[in-house]
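> The structure's right below; bear with me while I get my questions together.
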Amino acid sequence: MKIHDLLRALISVSEKGANIARIIRSESSLLELLVQEKKGNQKNERFVQDFKTLADVLVQEVVRYDLKEKFPGLVDSICGEESNKFTNTLGDSVIVQIQDTPELTKRLLCQVLDDNETAASVLADVIHREVVAKEIGVIDDQLAVDLQVDDLGVWIDPIDSTAQYIQGDVGCEMDGLVKEGLQCVAVLIGVYLKSSGLPIMGVINQPFCRVVNDSWIGSTTWGVCFRDVRVNSLTSQTQPDSTSSNSQSPATEDLPKPTILISSSEDQHIQEVLSKKLNVRHVTGAGYKLLGVCMGRAVAYLLTKNTNFKWDCCGPHAVLLSLGGGIVKYEDFEDCVAFGQTSFQSIPQIKYHKPDDSTARGAKKWMNVGGIIAYSSENVLTQLAEVLQKS
Ligand code: 2IP
Ligand code: CA
């Protein structure tokens, strides 16, 4: 398999996932299911207590099914955020997997959707609809490099920012970023090497990027960082790094403060420290914050807590590496700062092949323990260290 074959497949399957996400919000029969909360008796004997879980699982399973069809060797190496096993209160289980025909998929969906034929049929139709990948064009030559299938692992976050997806508000943009809203939703797919644990390819698909004629238009960002191949969909659009020195630049005091993205649940003390030298913005969604850094709308995303996961970071991490940035563990960086280090190249990048905490169970097993710093270039770490050292 060549890099461009897998990349094309990731881009089209992410687009299929994005289509499912958009259709669920635009078809009234499905939207109704998405926003309704089943309570009390209504939950009894049902497989899907909340349709949002099914929406997540469907996107994940479509990605799994399509990749498996194209690259059978990948089948046991594709992992996602969600479990595809639905169990009702009577203890019966249904495994949601895409079937080989729309009719069979519809029949399976009917089981978990309480015989809602309309919803099952709309979903089966979009799941089996062919999506053609956007052309990745002239860079194909650079991407004609062989990959060893048995060394590849895939992480899928089918719908990142699920809460924003359900709420369905349109976020108001300021300097190219929204605080919250449908724009924060992302389908994230990352490929890593099992041998090194490092990401090599990633796709960030924003199903709800902007509204044109009352319809949502999506946007896809991708990147590859494998051996000496560094290619991405952004390079020509990336903003100049506001932290790099340039003799033509205005005096430092005239420069706007660089932007750093954080979660609204971030530790208060660190927020105060960062605010002294940086423009701190609360933005929802791990994937959306990482996309913001990739697009040059912020120089970094800092998270001190254990609240994000391998599937949140793997795809965007590959894009950042392709741009000369990266993602390291916040605690490792903090230690270097405490020791007065000024170079941060020795800090290992976050890895994706094994749990950070091998004793953890369930989703926690795949938590990024010790927080993260995602950065657009090495200079950003130096600048952040100065800010933290002075605190
Ligand atoms: C969530 C989602 C949240 C994010 C959290 C992720 O993923 O991206 O928005 O928290 O880290 O795990 P925050 O917005 O505070 O950064 P999901 O929606 O897939 O559960
Ligand atoms: Ca997520």
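> Could you grab me the full set of residues in region 166-191 that are closer than 30 Å to Pro348 by Cα and within 16 Å of ligand 2 (Cβ to nearest atom)?
Passing the criteria: Cys184, Val185, Ala186, Val187, Leu188, Ile189, Gly190.
> Can I ask one more? Of the residues Val283, Val299, which single one is more than 14 Å from ligand 1 (Cβ to nearest atom) and either among the small types (Gly, Ala, Ser) or touching a helix residue (DSSP H, G or I) at 6+ places or on another chain (Cβ under 9 Å) (or both)?
On inspection, the qualifying residue turns out to be Val299.
> Which numbered condition trips up Ala163, out of (1) under 21 Å from Cys79 (Cβ atoms); (2) within 11 Å of ligand 2 (Cβ to nearest atom)?
Tallying (1) under 21 Å from Cys79 (Cβ atoms); (2) within 11 Å of ligand 2 (Cβ to nearest atom), Ala163 fails exactly one: (1).
> Restricting attention to region 220-239, report how many residues are hydroxyl-bearing (Ser, Thr, Tyr) and either within 23 Å of Val149 (Cβ to Cβ) or assigned to a strand (DSSP E or B) (or both).
So the count comes out to 2.
> Just need a number here: residues in region 270-326 that are among the hydroxyl-bearing types (Ser, Thr, Tyr) and either outside any helix (DSSP H, G or I) or at pLDDT below 95 (or both).
Residues meeting the conditions: 4.
> Okay, next question. Testing Glu61 on (1) over 26 Å from Arg361 (Cα atoms); (2) modelled with pLDDT of 85 or more; (3) out of contact with any helix residue (DSSP H, G or I) (no Cβ under 6 Å at 6 or more places or on another chain), one condition comes back false. Which one is that?
With (1) over 26 Å from Arg361 (Cα atoms); (2) modelled with pLDDT of 85 or more; (3) out of contact with any helix residue (DSSP H, G or I) (no Cβ under 6 Å at 6 or more places or on another chain) applied to Glu61, the lone miss is (1).
> Looking at Lys194, is it open to solvent by 30 Å² or more (accessible area, probe 1.4 Å), within 26 Å of Asp5 (Cα to Cα) and more than 16 Å from ligand 2 (Cβ to nearest atom)?
yes
Listed here are the residues, each with its yes/no results for (1) within 16 Å of ligand 1 (Cβ to nearest atom); (2) within 30 Å of Glu103 (Cβ to Cβ); (3) aromatic (Phe, Trp, Tyr).
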{"site": "Thr118", "(1), (2), (3)": "no, yes, no"}
{"site": "Val122", "(1), (2), (3)": "no, yes, no"}
{"site": "Val126", "(1), (2), (3)": "no, yes, no"}
{"site": "Lys134", "(1), (2), (3)": "no, yes, no"}
{"site": "Gln142", "(1), (2), (3)": "no, no, no"}
{"site": "Asp157", "(1), (2), (3)": "yes, yes, no"}
{"site": "Gly168", "(1), (2), (3)": "yes, no, no"}
{"site": "Gly181", "(1), (2), (3)": "yes, no, no"}
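The values are calculated or read from the model by the stated rules, or taken from the named source; none is laboratory data. Not measured: the values here are computed from a predicted model. Counting neighbours? That spans all protein chains shown, and the Cβs are built from the backbone with ideal geometry, glycine included. For the accessible areas, the whole protein counts, side chains as well, though only heavy atoms, and no ligand, DNA or RNA atoms are used. Shrake-Rupley method; radii C 1.70, N 1.55, O 1.52, S 1.80 Å.
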